[in-house]
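What follows is calculated from the coordinates using simple rules that are stated; it is not laboratory data. Note that the structure is a prediction, hence the values are computed from the model and not measured. Note that we place each Cβ from the backbone using ideal geometry, even for glycine, and neighbour counts take in every protein chain shown.
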Amino acid sequence: MAVWGVGFILGPILGPTVGGYLADEWSWRWIFYINLPIGMIGFLMASAFLFDPPYLRKVLRVDWWGLGLMVLGFACLQLVLDRGEREDWFESSTIVAMAAIAVCSLVAFLIRELMAHDPILDLSVFTDRNFATGASLSALVGFGMYSGMLLIAVFTQKLLGYDAWTAGLVLAPGGLGNVFSLFASGIVTRVDQRVMLAFGCLLNAVSLYMMTSLTLGMDYWSLAWPRFIQGFAVGFIFVPMSTLTLATIRRDKLVNATAVYGMLRNVGGSVGIAVVTTLLAQRSQYHQSTLVSHINLWDPQTQERLTRWTSYFTSLGSDSFTAQRQAVGMIYRETVAQAHLLAYADDFWLLAVMFALVPLVLPLMRRIRLEPKSSPDAPDPERPRATALEEGGV
């Protein structure tokens, strides 16, 4: 698991930094083009080096109806989440139509999967209490992780004026924090995984709480340090959560369970990004109206700032009337910037509270006691998969 986790370390380090370099030096389109050769290499390597274990080598019929309904439903859902905020959500007929198609397709998909002989996704895995709880937590963690990274990237570029490369460097310490938490893979078999997961979520909540103290004058290290803590916390989240969620799943259902587990994490991330961007816009408007209502031209501090800005623009060659209008414009710009700052703090507060509440549901899950295999032969598929991590199934 530790060696396997190296990929999760390199991803957060190389992704934002290389992506920022490509966006700055070439074009933002290259952050998409670069996936073409990487995807082809991945396809070739998977074809050459990956294979199914013996107990999965059987002929299965593909549930094409289920696959089509799943693709249509999640594609429309993704478009709703991506375009909803820009299109004013359900005020747009396009968003309403795509939402209706998504709901109908996903409901039909669930019905199809419950009735099909060889479903594309075996939903019976949700009868396992650990899996049902862990998969739900996976969506919640995806919600917080993806949206938190987006907020930091947008904040550094929109309010602090960082270029894409520097914004990527702010995100990179999360991968470095992962390096120091890799030992979590070694102790996951020796301690209660629920305690590890609770510690990781609470530590992540602390890092998000630190981000609620954002200022327009904060330096790089004030941003990088919470990201490092967040990366350190990830090692105590994903390893025990995967263990608790998948270790009790039967071997013959593990592939479907893993697919559902990963899918819910990605759906949670998409929903999280849509929610925080919508809240960001709404809370910015709210704080802007509140701050503007408290600005009084007769207030001594307001007068002092107006005088300072007027003097500045006068020194640049503007006449007194133009300088005063420019000074008022600068006061408005400062007000808008502070409103955006408060909106970012609200979003980080939401994510911090969400992670802090995760330990409350962990008693619903059973601790997994991993034991060495008694023989090198493949275990009975009907036996609960208590050695999932040792087999590389996670």
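By other beta-carbon atoms within 10 Å, ranking C104, C76 with the fewest at the front produces C104, C76. Among D24, D319, the order by Cβ neighbours within 10 angstrom, fewest to most, reads D319, D24.
Phi angles of the range 342-358 translate, via the Karplus equation with coefficients 6.51, -1.76, 1.60 and θ = phi - 60°, into HN-Hα couplings of 5, 5, 4, 4, 4, 5, 5, 4, 4, 5, 5, 5, 4, 5, 5, 8, 4 Hz per residue; Gly and Pro are given as x. For the chain, dividing the convex hull volume of the Cα atoms by the residue count gives 175 Å³ per residue. Assign one of three labels to the range 118-194, namely rounded, prolate or oblate, based on the Cα gyration tensor with a ≥ b ≥ c the square roots of its eigenvalues; rounded applies when a/c is under 1.5, prolate when it is not and a/b is larger than b/c, and oblate otherwise. Judged from the Cα gyration tensor, the range 118-194 comes out oblate (a/c at least 1.5, b/c at or above a/b).
Using the Cβ of L280 as centre and a radius below 11 Å, the other residues enclosed give a net charge of -1, where K and R count +1 and D and E count -1.
Taking the empirical scaling 2.2 N^0.38 Å for compact globular proteins as reference, the range 72-131 has a Cα radius of gyration ratio of 1.41.
Using the average count of surrounding beta-carbon atoms within 10 Å as a protection proxy, the listed peptides 342-349, 123-130, 187-194 rank, highest first, as 342-349, 187-194, 123-130.
For the residues A224, A153, A327, a GNM of the chain with alpha-carbon springs under 10 Å puts the largest fluctuation on A327.
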